[in-house]
C-alpha cells in the first residue's frame, strides 16, 4: 500500500459550452460554463476515470487545497487522493460543479446573456437528469467514453444512480452512498420549510436580490439550520451538545441559552455568507424531483432495468434523512434485475453526515471495492 | 358501561388573582386572570377532581363545544366526557389555560397594567413549574386539596410530572402521556428554528407587533410547519401524502408541487391566523427549560424521589419527538424510587399526534386506569 500523501494545491479549469443544454422541464440552458477539477492522470486507454458527483453544499473541489490554505481543503479529501480509498495514483478523478451552483459554474448569480442581468429568478429549474447530461458533455470533452466508476453520496448518490440508468453503457461501476431512490414526504417537508424561509425573507426580492445589493441571509441561515438538524443523528446531537448551556445558566429569554442553539446559529450565519439563496432553492428542488421510478408507475425495478453497471451501495445506521431502508429499496430493485450489488450498512453514530467522515470500516470497504475495480481493469499501480 | 354522550355546550369562567405569581426566573407576574373550564360535578368530599394540563396548541377548553359549533370541540373531547375514558359522570375534570397563553388567560397580548399597553416582549418567561403553581392556586380557589389525578400529554405530561414532584401531597395519580423528562438537543434545535422564524419576521417588531397593527404571520406559519413535521411520523406522512402531486405534474418552480407542501402551508397559514407569536416563543421555551433532573446533577431518580403518586405512563411506537425511550427513562427512575408505575408502549402509526387520537388500545388502557382509581376512591357511579 502506498503511503498516504496529500494532493496539494489544485487549479480548477473552466469549460465553456456553446450548445444549449436541454432540460427536463422543457426549457434549456443557453451557452454556459462549468468548473471542473481533476486529480491523478488519465491513462492511455482512458479507462481509469472516476466521476465524483457533489451533493448540496459542495462543488468540483473534491480534494486538495487552494494556495496551501487548509480551510480550502476539498469536501471529500479523506476519500480521494494518493493512497486514499479512491487512489489518485491509479484513478483519474473528475469533479464537476453542476449548473445552478454558486461555486463557479453558470448559476442564478451568473449574468444571463439575454438581459445582461443576473439570472436570479429566471434561472431554469434543473434536475438530477440535467446535471448528469451536463456532466456527460464534460466527459465527452475530456475524451472519456466510459467511466471506471461514478460515485457520490446523498444528492451525489442520486446522480450516480441516474448515470447508471441514463448513460448505462458509459458506467462500469456505480458507487452510491447514503442515498435514496427518491425523497420521502418528510424529506420534501423539510425542504419546503427551508425554501419558505428563503422565499419569505424580505431580502429575497422574489429571487432578484442581486440588483438590490442584499442577500436573504436570515432565510438562508434558517434553511441551513433545518438542514443541519437532519444531517445529524439525535444521538450525535445528544453526545455533542446534549442540554449543555452556553453560559452555565438559563437566561429566561429567547437569546442563546443552549449550546445546540449557538451551534445552529453559527452554522446558519456561516452558510448564509457563502451560499446563494437561489442555488439552495434549485438544489432542494432537484432533490424533491428525483424519482426514477415515477416514469414506471412507481416500479423501481423497471426504472433500474437499463443499468448494466456493478454497484456498491452503503448506508449508515443512524442516518434518518436517507435511512438504510432507502438504500435497501435500491438493492432489492437491482437484485430483481440480477445486477451485481455489494451493500453495506455501516454502524455510525454520525447520521447522514457520516458519508463525509473518516469512518475506518466505511473507507476500508470503499478502498477494497476500488482495489477490485483496478484489478479487473488491470490498472497501472493496481495492487 | 354508560352510553357515551356528548358534554354539549360549555361556558368557561375567568378567575382573577391579585397576588403576584412568583416565577422561576426571579420575576413575578402581577395581578393576572386565568380562564378555567370544568366538566362533571365535584363530589361532596372533593375527592374526584382530575386536572387536565394542556400542551402547545390547546387551552382550558378540553371537551364539549361552544354554541353548538362542531368546529369548537375541545382538544381532548375523545378522552373526557360522559362514558369516555375520563368519565365525567364520575370525575370532576378541570381545564386551565396557562398564563402566557393566547386563549384568554393573561398573556403577551394582554394589557400590562404598568404601561396600559400589551405586554408583548415584556411578558416574563414562564416555566412548567410556574404553570403548575398557577394551577395550584386555581385548585385552592375551587377548594380542591388533593387531585384524584393530574393528566396531560406532551408538554401537558411534563406539567403532570411536575405536579407529582412539586405538590406531591396533592396528587394521588399522575397520568403522563407521550412525554419526556426533558427535551433532547434535537428537540431544542427544532424549537430554536421555530423561534428564529418568528423573531426574524420583520412583522415581529421585537415582540411588540400589536402596536404596529401587524402579525408575524410568515414566521408563525413556518414555526408551525416545523412543528407539524415533528408531530407526524415519517410513515404517517408517507401513507397520508407520499410523493403525491397536487396537480398531477411537476411545476418546475418553487410553488406547491407536492401535497405535503400544500398541507404544511395550509396548516401554517391556519395557525398563524389564530395563534400569538409571543405565546409560541414562551411555550417552546417552557419546553426547552423543563428538566427536573438538572437540579440534582442530572439524576432523574433523585428528582422524582419526592413523588408519592401512582403513575400511568404511555408512549407511542412511532413518536420520534418524544420517543418511547424517553418515557422509559421516567419509568426506570420511578421504579428506582419503588413507585407504583403502569407503562404502555402503544403501537400506532401516528407519531406524536397519536396521544390526541382515538386509538382503541390506548383509550381502553386509560379507561381501565381511571376505573381503578374510581374503585379505589369508592367514587359514585364507579363500576
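Read-outs: derived from the displayed coordinates by stated rules, not from any lab. Please read all numbers here as calculations on a predicted model, not as lab measurements. Methodologically, a virtual Cβ is constructed for each residue, glycine included, from the backbone with ideal geometry; neighbour enumeration extends over all protein chains shown.
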With no solvent and one point on each alpha carbon, what is the Debye value of log10 I(q)/I(0) for the range B:1-120 at q = 0.13 Å⁻¹? -0.58
Can you pull the three principal axis extents for the Cα set of chain B, in Å, largest first? 65, 52, 50
Residues residue A:122 and residue B:247, FRET efficiency given R0 of 22 Å [Cβ-Cβ distance, rounded to 0.05]: 0.50
Need one number: % antiparallel among DSSP beta bridges in the protein assembly as shown, to the nearest 5. 35
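First check a/c for the protein assembly as shown, with a ≥ b ≥ c the square roots of the eigenvalues of its C-alpha gyration tensor; if it is under 1.5, answer rounded, and if not, answer prolate when a/b is larger than b/c or oblate otherwise.
It comes out prolate by the Cα gyration axes.
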Quick check: Cα centre of the range A:355-376 to Cα centre of the range B:268-323, how many Å? 44
In whole percent, what relative contact order does chain B give with Cα contacts below 8 Å and a gap of six or more residues? 17
What average number of partner chain Cβ atoms lie no more than 10 Å from the Cβ of the residues making up B:239-246? 3
Cα gyration tensor shape of the range A:114-212, rounded if a/c is under 1.5, else prolate or oblate by comparing a/b with b/c: oblate
Quick one: Debye curve from the alpha-carbon atoms of the range B:102-156 only, equal weights, vacuum; give me log10 I(q)/I(0) at q = 0.18, 0.27, 0.31 Å⁻¹ to two decimals. -0.79, -1.14, -1.22
For a protection proxy built on the mean count of beta-carbon atoms within 10 angstrom, sort A:11-20, B:6-15 highest first, please. B:6-15, A:11-20
Efficiency of FRET between residue A:114 and residue B:15 - r from beta-carbon atoms, R0 60 angstrom, step 0.05: 0.35
For the range A:40-123, give the share of DSSP beta bridges that are antiparallel, in percent and rounded to the nearest 5; count only bridges with both residues there. 35
Is the C-alpha gyration tensor of the range A:51-176 telling us rounded, prolate or oblate? Criteria: a/c under 1.5 is rounded; beyond that, a/b larger than b/c is prolate, otherwise oblate. oblate
Between copies, how far does the label point of residue B:45 sit from its twins, in nm, shortest first, when each point is 7 Å from Cα along Cα→Cβ? 9.5
How many nm separate the modelled label positions at residue A:145 and residue B:141, each set 7 Å beyond the Cα in the direction of the Cβ? 8.6
Can you list the copy-to-copy distances for residue B:33, using a point 7 angstrom from Cα toward Cβ, in nanometres, shortest first? 6.7
For label points placed 7 Å from Cα toward Cβ, what is the shortest-first list of nm distances from residue A:140 to its copies? 8.2
Relative contact order in percent for the range A:246-311 (Cα pairs under 8 Å, 6+ apart) equals 14
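If you take each beta carbon of peptide A:248-257 and count the beta carbons of other chains within 10 angstrom, what is the mean? Don't jump to the answer; show the numbers that get you there.
Working: counts 0, 0, 9, 3, 11, 6, 14, 1, 1, 5.
Across A:248-257, the average partner-chain Cβ count within 10 Å equals 5.
So if R0 is 45 Å, what FRET efficiency would residue B:25 and residue B:269 give, r being the distance between their Cβ atoms, rounded to the nearest 0.05?
E(calc), rounded to 0.05, equals 0.85.
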Among the DSSP beta bridges whose two residues both lie in the range A:1-158, what percent are antiparallel, rounded to the nearest 5? 55
